[in-house]
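Laboratory data are not the source of any read-out in this text; all were calculated from the coordinates shown. Note that the structure is a prediction, hence the values are computed from the model and not measured. Don't worry about glycine lacking a Cβ; one is built from the backbone with ideal geometry, like all the others, and counts go over all protein chains shown.
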Amino acid sequence: MSKNLINALQIDHNSVKFITAQEIEIANQGSIIQVLGMSEKVGHWDTESTIDKDLLASYIKSSHLENERIAGQKITSTLVSVNSGITSRYITHELFFNNIVITEEHIKSFYESKDFTQLYENQDIPIHTLPISYKIDEKKIVSDPIGHKAQMLTVKWHVISISKNQLKDIHDLLDASDLQMKQCVLASYASSLAAINEMESSLGVICLDINYYKTEVTIIIDDQLVFFDSSDVGLKYVNNDLQSILNIPDEDSDKLRIKWSNDNSSKNLDESDIRIKQIISSRLEEIIELALKKLKISKYYDLANSHVVLTGEGAKHADIIDLATNIFKTKNIRIGSPQKIHGLKTIIENPSNSTCLGMLNYALSTEFQFNAKDESDKKKSVLSMLYNFFKAI
């Protein structure tokens, strides 16, 4: 019997990660996700200015075939994370009633409105449309308007889009690997979904995702992504300083950063060791401080700054909690851990896999059917797929 699979593809600066999982229903516990396996291919197709698309496609194909072997069946579709070429905007949509009870269908009517359909006339296309606040009759703000009587409902939508050209590039990469794209998912949003718990998601939480080329920040309030931003300063910034100050090659600086970032020992360090650790800590402090500046731009910052969750490769640093605590001035800071996901600890407990794991959580929150026997028309355009996805939510 074939299994209903959830697949997610994460493309980093030097690796392709393809994760395959299965949704399992457990009595009195609801749904959990069982990871069957993850294939990771490391390469050097990505520089700061160009991408070798043929080489990248070969790595995706290799990972795809490996996961088919792990799953024991053919894989035809996957979610894909994206972290560049992203735009964010807020749209206010007003609905007028005759003092009737608000239903879910009233909120969903946004997808039939001109406000929504006009989004497809631009050079970018929405990948996430999230209702983040509700106001009844221009005065009463509610977390859930369904069931309330109103003359007017104002919904604020957070729309996250990707350029059509980039979307086509992703489609072409997957097509070369005989894969269809189920949905693009914002990488930092996925990382948040993997890392935060229900209490944090409800009350408000900041997620800081520290990766090689980028540091990404998100704010989640009332279970919705209300803000995200990123800076092009990541762990490579640490490598550059080690390389410059110590006069060593880039490859050696990367190894040195990883070695000392994972070392909790502070005893028996000579002067050279102390200098290395100070370089790494100082640069990580600057990365976190820059992220904090990005967050303070948002009007939502004060509503969520009591809880901070760290993900990405940078979350592996031995002193990262202390560094973040000193900068954010809060004690509620922790390393993100996956929610309702089960599997090998080497996969589940690695903060670098947050994006992949978060896409699995995202899959359960949508109405996609991740069926192994998916026979959707492969000629259907990516744009129409995304448009129909939102209409079906």
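Worth a mention:
- Signed unit charges on C-beta, dipole axis of the chain, positive-most listed residue 180, 27, 170: 27
- Extreme residue, positive dipole direction of the chain, given options 95, 261, 45 (C-beta unit charges): 95
- Net charge dipole size for the stretch 199-335 [Lys, Arg +1 and Asp, Glu -1 on Cβ; Debye, nearest 20]: 280 debye
- About the Cα centre, charge dipole magnitude for the chain (Lys/Arg +1, Asp/Glu -1 at Cβ), debye: 580 debye
- The stretch 87-161, dipole about Cα centre (Lys/Arg Cβ +1, Asp/Glu Cβ -1), debye to the nearest 20: 260 debye
- Neighbourhood net charge (11 Å Cβ-Cβ; Lys/Arg +1, Asp/Glu -1) for residue 8: +2
- Taking Lys and Arg as +1 and Asp and Glu as -1, the other residues whose beta-carbon sits under 12 Å from that of residue 248 total -3.
- Sequentially through the stretch 8-15, phi angles give Karplus couplings (6.51, -1.76, 1.60; θ = phi - 60°) of 9, 10, 10, 10, 9, 5, 9, 8 Hz, Gly and Pro residues having no value and appearing as x.
- For the chain, calculated [θ]222 nm from helices alone, where every DSSP H run of n ≥ 4 adds -39500 (n - 2.57): -11000 deg cm²/dmol
- Derived scalar couplings between HN and Hα for the stretch 164-181 equal 5, 5, 5, 4, 5, 4, 5, 4, 5, 4, 5, 4, 5, 10, 6, 10, 9, 8 Hz in order, rounded to whole Hz, by the Karplus curve 6.51 cos²θ - 1.76 cosθ + 1.60 (θ = phi - 60°), x for Gly and Pro.
- Sorted largest first, the principal axis extents computed over the alpha-carbon atoms of the stretch 87-161 equal 39, 19, 17 Å.
- With θ taken as phi - 60° and the Karplus curve 6.51 cos²θ - 1.76 cosθ + 1.60 applied, the whole-hertz 3J(HN,Hα) list for the stretch 345-355 is 4, 4, 8, 5, 8, 9, x, 5, 9, 4, 5 Hz, x standing for glycine and proline.
- Residues whose amide H comes within less than 5 Å of that of residue 152, counting only those at least five positions distant or on another chain, are 97, 137 (H built at 1.01 Å from N in the peptide plane).
- Mean-square fluctuations from a GNM of the chain, with a 10 angstrom spring cutoff on Cα atoms, peak among 33, 107, 333 at 107.
- Pairs from the table (41/164; 108/139; 236/345; 53/164; 108/182) lying more than 24 angstrom apart at Cα are 41/164; 236/345.
- Structure-derived semi-axes √(5λ) of the Cα gyration tensor in Å - corresponding label in (i) 33, 28, 24; (ii) 28, 25, 21; (iii) 36, 27, 20: (iii)
- Charge context of residue 197, other residues only, Cβ under 14 angstrom, K/R +1, D/E -1: -1
- Positive-end residue of 279, 159, 8, charge dipole of the chain with Cβ unit charges: 159
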